[in-house]
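Encoded as structure tokens, the structure appears first; notes follow it.
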Amino acid sequence: MTSNPSEMCGVVLTGHGGLDKLEFRTDLAVPRPETGEVLVRVAAAGVNNTDINTRIGWYSKAVTEGTDAGGSGASGSDDVDAADASWTGAPLVFPRIQGADATGRIVAVGEGVADARVGERVLCRAVSDTGTDPGSYEAWTLGSERDGAFAQFVTLPAVDAFVVDTELTDLELAALPCAYSTAEGMLHRIGLEAERVLITGASGGVGGAAIQLAKLRGARVVAVASASKAQQVLALGADVVVDRGAPLLDQVDAGSFDVVVDLVAGPAWPDLLDALRRGGRYITAGAIAGPIVELDVRTLYLRDLTLAGSTHQPREVFEQLVSYVNAGSLRPTVAATFPLAEIRAAQELFLSKRFVGKIVLEVG
């Protein structure tokens, strides 16, 4: 068996802040798989909002602006409190190799893992509850609580490396773990069936994934996106696209949706609740337009609405996602690719929002 190198290329995050906190290096130590773990040679890694949020410390309660605020993702925020600036609310440990999206092949195994797993093509679970208390909502993310995919090699629990048998390319596979599991987790938690659903942020990675996954459930999808992206969002499977630049309730009827899947929040948030029918359900896993919203509690209780958040993902969420992949039911849109060394340029394009789908880094 060919031995693995002792050093690798990768990008380290040296602290909360701007793009200058991302350093490409060629002398990083290749990690060793511990008991119950595997070592994966990373072929490709996707870029996600959580990478930006973690880098700039947006999860800190001290930050009240959206991640789409001018320049915040490139320059960082002056308001960050490092004590609660990770999505778990615990301080992040630096330096950290980010990257929640990993696909590649297993090249080594730790104690207790079968040698036969070496050579498997795998998709790595991005948000995991492996090792946490059963029944709790504890979770950790690859690239946040442990080093992730922005490097040539990554370790993770063997049970979180899922074998894939698919014609999808490595670049396409790398678009899946974080965005698609986030979307699948939302639809799973809110119990979406063949219903009427409104999806915000529909041109982004999670929004586009939610469209595809909602259609697999037989839902009728109305997507919110910029008018310039409408045709591309329709191509993802949306039945109707409404313009995010115009008032929502000028384009859809109040009380006309069973479910709202929201990634945006921000000033227009009250309209999302008004778009729900009595007894409707709202779920969110993001707030790119701003985390602070106005809620008239009377709207909530007089109309018997259900509001839910979604971060923790039970294991069956990723298992279901992989089953879709292996069945050939999903094909993500890759908007652009960059070499790993050009991660700053990739994140600059990501922040511009001038694309539909996912931006992916070529690693292997």
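Exactly one residue out of Leu300, Leu295, Leu307 is in a loop (DSSP other than H, G, I, E, B) and farther than 26 Å from Leu236 by Cα, and it is Leu295.
Restricting the first member to the stretch 222-250 and to residues that are on the phi > 0 side of the Ramachandran plot, and the second to residues that are of a type outside the set (Asp, Glu) and not in a strand (DSSP E or B), the beta-carbon pairs closer than 6 Å and six or more apart or on different chains are Gly237/Ile211; Gly237/Gln212; Gly237/Lys215.
Each residue in the stretch 117-139 was checked for being outside any loop (DSSP other than H, G, I, E, B) and either crowded, with 19+ Cβ neighbours inside 10 Å or of a type in the set (Ser, Thr, Tyr) (or both), and 5 pass.
Condition check: in a loop (DSSP other than H, G, I, E, B), crowded, with 24+ Cβ neighbours inside 10 Å and not β-branched (Val, Ile, Thr). Does Gly207 satisfy that? Let's see the steps before the verdict.
Details: in a loop (DSSP other than H, G, I, E, B): no; crowded, with 24+ Cβ neighbours inside 10 Å: yes; not β-branched (Val, Ile, Thr): yes.
Taking the combined requirement at face value, the residue does not satisfy it.
Filter the stretch 1-23 down to residues that are among the β-branched types (Val, Ile, Thr) and modelled with pLDDT of 95 or more and give me whichever is surrounded by the most Cβ atoms within 10 Å (Cβ to Cβ).
Across the stretch 1-23, the extreme among qualifying residues is Val11.
Just for the stretch 24-71: of the residues that are of a type in the set (S, T, N, Q) and within 22 Å of Asp160 (Cβ to Cβ), which one is surrounded by the fewest Cβ atoms within 10 Å (Cβ to Cβ)? Within the stretch 24-71, the match that is surrounded by the fewest Cβ atoms within 10 Å (Cβ to Cβ) is Thr35. Considering only the stretch 163-173, I want to know if a residue exists there that is under 18 Å from Cys124 (Cβ atoms) and within 11 Å of the chain's Cα centre (by Cα). No, that holds for no residue.
Would you mind stating whether Ala179 is at negative phi, buried (at least 24 other Cβ atoms within 10 Å of the Cβ) and assigned to a helix (DSSP H, G or I)? Answer is yes for this residue. Looking only at the stretch 101-127, residues that are under 30 Å from Ser310 (Cα atoms), touching a residue at least 60 places away in the same chain (Cβ under 8 Å) and of a type outside the set (A, V, I, L, M, F, W, C) come to 5 in all.
For the stretch 52-70, the criterion of being closer than 19 Å to Ala139 by Cβ, modelled with pLDDT under 95 and in contact with a Leu (Cβ under 8 Å, 6 or more places away or on another chain) is met by at least one residue.
Report yes if some residue within the stretch 355-362 is surrounded by 17 or more Cβ atoms within 10 Å (Cβ to Cβ), under 29 Å from Gly218 (Cβ atoms) and in the same structural domain as Gly218 (by TED's automatic domain parsing); otherwise report no. Taking every residue of the stretch 355-362 in turn, none turns out to be surrounded by 17 or more Cβ atoms within 10 Å (Cβ to Cβ), under 29 Å from Gly218 (Cβ atoms) and in the same structural domain as Gly218 (by TED's automatic domain parsing). Thr337 fulfils the conditions (1) in contact (Cβ under 8 Å) with a residue 40 or more places away in the chain; (2) in a loop (DSSP other than H, G, I, E, B) except for a single criterion, (2).
Here is a yes/no grid of residues against (1) more than 30 Å from Ala254 (Cα to Cα); (2) in the same structural domain as Val259 (by TED's automatic domain parsing); (3) in contact with a Leu (Cβ under 6 Å, 6 or more places away or on another chain):
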site	(1), (2), (3)
Val109	yes, no, no
Arg189	no, yes, no
Ala202	no, yes, no
Leu213	no, yes, yes
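Contact map, the stretch 59-75: residues that are outside any helix (DSSP H, G or I) paired with residues that are of a type in the set (S, T, N, Q) and at pLDDT below 85, Cβ distance under 6 Å, separation 6+ or inter-chain. Pairs shown: Tyr59/Ser86; Val63/Ser77. Taking the criterion of being out of contact with any Leu (no Cβ under 8 Å at 6 or more places or on another chain) and part of a loop (DSSP other than H, G, I, E, B), the residues of the stretch 261-286 that qualify are Leu263, Val264, Ala265, Gly266, Pro267. Filtered by the rule that a residue be assigned to a strand (DSSP E or B) and touching a residue at least 24 places away in the same chain (Cβ under 8 Å), the stretch 24-57 gives Phe24, Leu28, Glu37, Val38, Leu39, Val40, Arg41, Val42, Ala43, Ala44, Ala45, Gly46.
The one condition from (1) surrounded by fewer than 17 Cβ atoms within 10 Å (Cβ to Cβ); (2) under 21 Å from the mean Cα position of the chain (by Cα) that Gly279 does not meet is (2).
The values are calculated or read from the model by the stated rules, or taken from the named source; none is laboratory data. Computed from a prediction, not measured in an experiment: that's the story for all the values here. No Cβ is skipped: glycine too gets one built from the backbone with ideal geometry, and neighbour counts run over all protein chains shown.
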